[in-house]
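S.K.: First the structure, then my questions, so here it is.
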Amino acid sequence: MKLKFLASIALAACTLVACDDTTEGIGTSLTDNADKLSVSTATFSASTKSIVAESVLSRNLYGYLGKIKDPETNSYLTGNYMTQFHSRSNFSMPESSKVGQKDGKVIADSVKLVLFYNVEYGDSLAPMQLTALELAKPVADNTDYYADFDPEKEGYIRENGIKLSQAYTLKDMTAAKPSLSDSIIISLDKPYIDKSGNAYNNYGTYVIRQYYTDPSNFTSAYKFTKNIVPGFYIKSTDGLGNMARVFNTQLNIYYHYTEKLNESKDTTYVGMASFVSTDEVMLTNNFVNDKAALQTLASDNSCTYLKTPAGIFTEIELPVDKIMEGHEKDTLNSVKIEFNRINDNYQGKYPIKAPTTLLMIPADSLETFFANHSLPDYKKSYIAYASNNIYTFNNIEGLVKAMYNAKEKSKKEGTLSANWNKAIVIPVDYTTVTVQYSTYPTNLCHYMGVSSTRLKGGNDAIKVSVIYSKFDNKEN
């Protein structure tokens, strides 16, 4: 019987180990007397602490908009976002002769920016105000942007471009019935002058005239963004009390055109050219928060924190040496860690929700993991979900082995990193797809919504449960 096969049987027997105070006899019950597989368990202590995130990569599918007062820190958090728009490769419009015209040139009847959102946090009735700012140039798609990236400060805003303010509340009290898709509508119907000094009755007319000048600029998101619509920066400029998660931003251009029903009769139709923010174009979030207030919270050693956006992570120092001591030649079958939530003290009207999905990665890979678009491999990076106020990483044995091997290798090749046995726990957005009963990861990024929770740890160590197996006689 091969060793790897026997080791896998030992792991399958872990439930038996957990239910019995002794492991005596398990090895001999699985193998013959010549093999004598022994299974043992041990529990160790690990230390944890809170660390303030310097800045996090702003790659995300959602834009966050609004301003709230954080009940934990009594400081303010503001969310703004920049978005570009996608043009389909098969985008087309009617022949120019059929479209409504003025002075012999096609015109758009109206144009809207539409922000479709969910209420992320706070009072949906709070009066708010945003400002939509036209970009002078597209934000490059070959660069990484972080949550403190401000297109306005970085010179991306067009000096004499569109700058429109819009008041809104997240709950529309004038609607006769609740809408399936809540939205904020920003009209761009005012006269518009492009960078070359050409005047148009509105921004939509500018866009569709570019189509009839050169339709090839509408065949890809890259050409459309580079040559026609660089994007918009949506900035929270007034109000306090809520944060919206914008899951879709659309640039909708309305026009009318005619079609012949027969030789003697024409019919007029209303058309819409719609350009949408998708994962194929750039979207960045800009968050303004109080780092000093976050640091004060992170200094609380009675627990550790997980806080978003761009807030606080939990660092864990794993007892690698103790786990491996005396077991250097054994099989490390399982290393399990549970992070227990502590109930929040805040009982106000708008408590902050806890993050639902966590990622654990080596501390030294914090920046490169997200920059390289990495996905969890369950060898050195792992996902855990909240269940009954507990986040459980069921088996991080691969990470422990990698840390131990790195230390052993450093004895021969050089200095060991100070973080060699440390890992970081981070709230994330993680999406998967299931195909024929198999699940595959599709996207992972920092969670940018409003969330917070306290974890047991800090001054109190947390437990690490380990299962080993070994063969007393290794002749096979």
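S.K.: I want to confirm something. Restricting to the stretch 47-68 and keeping residues that are assigned to a strand (DSSP E or B) and either over 21 Å from Thr237 (Cβ atoms) or modelled with pLDDT under 95 (or both), which single residue is most open to solvent (accessible area, probe 1.4 Å)? Talk me through it step by step, then tell me what you get.
M.R.: Filtering the stretch 47-68 for residues assigned to a strand (DSSP E or B) gives 47-52, 57, 63-68.
Of the ones still in play, those that are also either over 21 Å from Thr237 (Cβ atoms) or modelled with pLDDT under 95 (or both) are 47-52, 57.
Working: Ser47: 56, Thr48: 12, Lys49: 100, Ser50: 18, Ile51: 41, Val52: 31, Leu57: 11 Å².
Only one residue tops the list, namely Lys49.
S.K.: Now for a separate question. Quick check on the stretch 28-43: of everything there that is within 44 Å of the chain's Cα centre (by Cα) and of a type in the set (A, V, I, L, M), which residue is modelled with the highest pLDDT? Give the derivation first.
M.R.: Filtering the stretch 28-43 down to residues within 44 Å of the chain's Cα centre (by Cα) leaves 38-43.
Narrowing the set further to residues that are of a type in the set (A, V, I, L, M) leaves 39, 42.
Details: Val39: 91, Ala42: 96.
Per the stated criteria, the residue is Ala42.
S.K.: Further, regarding this structure: Within the stretch 420-474, considering only strands (runs of 3 or more DSSP E) that don't extend past its boundaries, which have at least 3 residues that are without any contact (Cβ under 8 Å) to a residue 24 or more places away in the chain and open to solvent by 30 Å² or more (accessible area, probe 1.4 Å)? Please lay out each step first, then the result.
M.R.: On the way: elements: 422-435, 438-446, 451-455, 462-471.
Where strands (runs of 3 or more DSSP E) fall fully within the stretch 420-474 and carry at least 3 residues being without any contact (Cβ under 8 Å) to a residue 24 or more places away in the chain and open to solvent by 30 Å² or more (accessible area, probe 1.4 Å), they are 422-435, 438-446.
S.K.: Suppose we keep only residues that are over 25 Å from Pro319 (Cα atoms) and in a helix (DSSP H, G or I) within the stretch 355-404. Which one would you say is most open to solvent (accessible area, probe 1.4 Å)?
M.R.: In this case the residue turns out to be Ala371.
S.K.: Still on this model: Looking at the stretch 79-102, which of the residues that are among the small types (Gly, Ala, Ser) and in contact with a Pro (Cβ under 9 Å, 6 or more places away or on another chain) is least open to solvent (accessible area, probe 1.4 Å)?
M.R.: As a first pass, look at the stretch 79-102 and keep what is among the small types (Gly, Ala, Ser): 79, 87, 89, 92, 96-97, 100.
Still in the list and also in contact with a Pro (Cβ under 9 Å, 6 or more places away or on another chain): 79, 92.
Details: Gly79: 0, Ser92: 77 Å².
Result: Gly79.
S.K.: Just checking, which of Ala132, Ala136 is small (Gly, Ala, Ser) and in contact with a Gly (Cβ under 7 Å, 6 or more places away or on another chain)? Walk me through it before giving the result.
M.R.: On the way: Ala132 fails: in contact with a Gly (Cβ under 7 Å, 6 or more places away or on another chain).
Step by step, each of Ala132, Ala136 is checked, and only Ala136 is small (Gly, Ala, Ser) and in contact with a Gly (Cβ under 7 Å, 6 or more places away or on another chain).
S.K.: Would you mind stating whether Met324 is among the hydrophobic types (A, V, I, L, M, F, W, C), open to solvent by less than 50 Å² (accessible area, probe 1.4 Å) and closer than 30 Å to Leu188 by Cα?
M.R.: Numbers: among the hydrophobic types (A, V, I, L, M, F, W, C): yes; open to solvent by less than 50 Å² (accessible area, probe 1.4 Å): yes; closer than 30 Å to Leu188 by Cα: no.
For Met324, the condition - among the hydrophobic types (A, V, I, L, M, F, W, C), open to solvent by less than 50 Å² (accessible area, probe 1.4 Å) and closer than 30 Å to Leu188 by Cα - is not met.
S.K.: Here is a follow-up. Which one of Ser75, Ser96 is in contact (Cβ under 8 Å) with a residue 60 or more places away in the chain and more than 25 Å from Pro151 (Cα to Cα)?
M.R.: On the way: Ser75 fails: more than 25 Å from Pro151 (Cα to Cα).
Going through Ser75, Ser96 in turn, the sole match is Ser96.
S.K.: Look at Ser381 and say whether it is within 23 Å of Pro441 (Cα to Cα) and touching a helix residue (DSSP H, G or I) at 6+ places or on another chain (Cβ under 8 Å). Write out each step before concluding.
M.R.: Values: within 23 Å of Pro441 (Cα to Cα): yes; touching a helix residue (DSSP H, G or I) at 6+ places or on another chain (Cβ under 8 Å): yes.
Against the criterion (within 23 Å of Pro441 (Cα to Cα) and touching a helix residue (DSSP H, G or I) at 6+ places or on another chain (Cβ under 8 Å)), Ser381 qualifies.
S.K.: If a residue must be at pLDDT 95 or above, in contact with a Pro (Cβ under 7 Å, 6 or more places away or on another chain) and open to solvent by less than 60 Å² (accessible area, probe 1.4 Å), how many such residues does the stretch 139-168 contain?
M.R.: Residues meeting the conditions: 1.
S.K.: Now a separate question. Does Ile352 meet the test of being buried (at least 16 other Cβ atoms within 10 Å of the Cβ), assigned to a loop (DSSP other than H, G, I, E, B) and either out of contact with any Lys or Arg (no Cβ under 8 Å at 6 or more places or on another chain) or on the phi > 0 side of the Ramachandran plot (or both)? Even if it seems obvious, please write down each step before you answer.
M.R.: On the way: buried (at least 16 other Cβ atoms within 10 Å of the Cβ): yes; assigned to a loop (DSSP other than H, G, I, E, B): yes; either out of contact with any Lys or Arg (no Cβ under 8 Å at 6 or more places or on another chain) or on the phi > 0 side of the Ramachandran plot (or both): yes.
Yes: the conditions hold for Ile352.
S.K.: Of the conditions (1) within 20 Å of the chain's Cα centre (by Cα); (2) over 26 Å from Ala136 (Cβ atoms); (3) surrounded by 18 or more Cβ atoms within 10 Å (Cβ to Cβ), Thr73 satisfies every one except a single condition; which number is it?
M.R.: The failed condition is (1).
The values are calculated or read from the model by the stated rules, or taken from the named source; none is laboratory data. Worth saying up front: this structure is predicted, and the values here are computed from it rather than measured. Quick reminder, even Gly has a Cβ in these numbers, built from the backbone with ideal geometry, and neighbours come from all protein chains shown. Side chains included, ligands, DNA and RNA excluded: accessible areas come from the protein's heavy atoms. Shrake-Rupley method; radii C 1.70, N 1.55, O 1.52, S 1.80 Å.
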